[in-house]
Amino acid sequence: MKKTKCPFIAALFLLVLSACKNDPPPPPPATDIHLDSTAQLGKYIVDKDGRTLYFFSNDVNGQSACSGQCTTNWPAFLADTYATFGAGLSSSDFTTITLASGAKQTAYKGWPLYYYAPAGVAEAAGVTSGEGLGEVWFVAKPDYSIMIANYQLTGLNGTNYLSDYTPGDGRTKYFTDGMGNTLYAFGKDSSLKNKYTKPDFTNDSNWPMYQTENITVPSTLDKTMFAVIDFNGRKQLTYKGWPMYFFGQDNQVRGSNKGVSIPAAAAPGSVWPVIVKDAAPAPTP
């Protein structure tokens, strides 16, 4: 009687099936842009190879101010239109700007993105040696509540001002939110005390409170100098005791700092100065 081979074939099939079930799942595909992290810096944005991406404080208006030798040390990040994004990042936050060369540079929340390549040598993956250089280069983080702008002060009156609020052309380093909107202090406030905003918030549109409980700042700033206060149920961020505000007539335009000349009858910067790292602490009540 001829024996069938079916039992052998069936056993072989079950053995192969069992082996397949024990194979580890394939790794997820690498994304072009994703997040990395360190204990010191927290989460920051990298390309598909893990190379760190950076913001430039001079770019607060959303345009690249990096030219000449700067482009050798800080090459623009040029991503194609088919980029994919890792967890914690949204494609809607990424845009492109056109450089003078015609190249398309990728920006995140309005900040053009760069690599660091000192002397033209590309920084290795996982390295963040460009962080804080000149206090104008910072790792690109997805959740900054404070960024540092390095930009011209121009009042609502159209006059350009230097850092000491005398007329002149030159850059000033000052605080913005993560989207490049200028932050101000009110000269009549005292430490952790908002004296401008009315209890019913009817004047909040003139100088809106900076409302956030998030304190994520560049590494060159002392995080302990920031605090959150409660003003009639709303949370306002402070620095060295100074409550922080926007200027309504800046209209959330990146880099606009028109409030420095308000009110017109006062000396520029005496009532509504931009907030700077070396600001004196707010006076005690």
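Quick notes on this one:
- When residues of the range 55-73 are limited to those that are in contact (Cβ under 8 Å) with a residue 24 or more places away in the chain, in a loop (DSSP other than H, G, I, E, B) and within 17 Å of the chain's Cα centre (by Cα), the one surrounded by the most Cβ atoms within 10 Å (Cβ to Cβ): Val60
- Number of residues in the range 175-195 that are buried (at least 17 other Cβ atoms within 10 Å of the Cβ) and out of contact with any Ser or Thr (no Cβ under 7 Å at 6 or more places or on another chain): the value is 9.
- Pair list, Cβ < 9 Å and 6+ apart or interchain, from the range 174-186 residues that are more than 11 Å from Val276 (Cβ to Cβ) to residues that are among the acidic types (Asp, Glu) and assigned to a loop (DSSP other than H, G, I, E, B): Gly178/Asp143
- Neighbours by Cβ (under 9 Å, 6+ apart or cross-chain): first from the range 253-280, more than 15 Å from Asn206 (Cα to Cα); second basic (Lys, Arg): Ile275/Lys240; Val276/Lys173; Lys277/Lys173; Ala279/Lys240; Ala280/Lys240
- Scanning the range 227-247 for residues that are surrounded by 18 or more Cβ atoms within 10 Å (Cβ to Cβ) and either β-branched (Val, Ile, Thr) or under 26 Å from Tyr54 (Cα atoms) (or both) gives Leu237, Thr238, Tyr239, Met244, Phe246.
- When Asp204 is tested against (1) free of Cβ contacts under 8 Å to residues at least 12 places away in the same chain; (2) surrounded by fewer than 16 Cβ atoms within 10 Å (Cβ to Cβ), only condition (2) is not met.
- Residues of the range 51-76 satisfying the condition of being modelled with pLDDT of 95 or more and at positive phi: Gly62
- Within the range 87-107, the set of residues being part of a loop (DSSP other than H, G, I, E, B) and surrounded by 14 or more Cβ atoms within 10 Å (Cβ to Cβ) comprises Leu89, Leu99.
- If you check Tyr165, Tyr144, Tyr174 for being modelled with pLDDT of 95 or more, touching a strand residue (DSSP E or B) at 6+ places or on another chain (Cβ under 6 Å) and not small (Gly, Ala, Ser), only one passes: Tyr174.
- Residue count for the range 169-186 satisfying the condition of being over 21 Å from Val139 (Cβ atoms) and either out of contact with any Phe, Trp or Tyr (no Cβ under 9 Å at 6 or more places or on another chain) or in a loop (DSSP other than H, G, I, E, B) (or both): 4.
- In the range 108-138, the residues that are in a strand (DSSP E or B) and hydrophobic (A, V, I, L, M, F, W, C): Trp111, Trp137, Phe138
- One residue from Leu156, Leu133, Leu113 being surrounded by 15 or more Cβ atoms within 10 Å (Cβ to Cβ) and in the same structural domain as Gly233 (by TED's automatic domain parsing): Leu156
- Residues that are outside any loop (DSSP other than H, G, I, E, B) and not polar (S, T, N, Q) occur in the range 248-256; there is at least one.
The values are calculated or read from the model by the stated rules, or taken from the named source; none is laboratory data. Model, not experiment: these values are computed from the prediction. Positions of Cβ are backbone-derived with ideal geometry, glycine not excepted, and every protein chain shown enters the neighbour counts.
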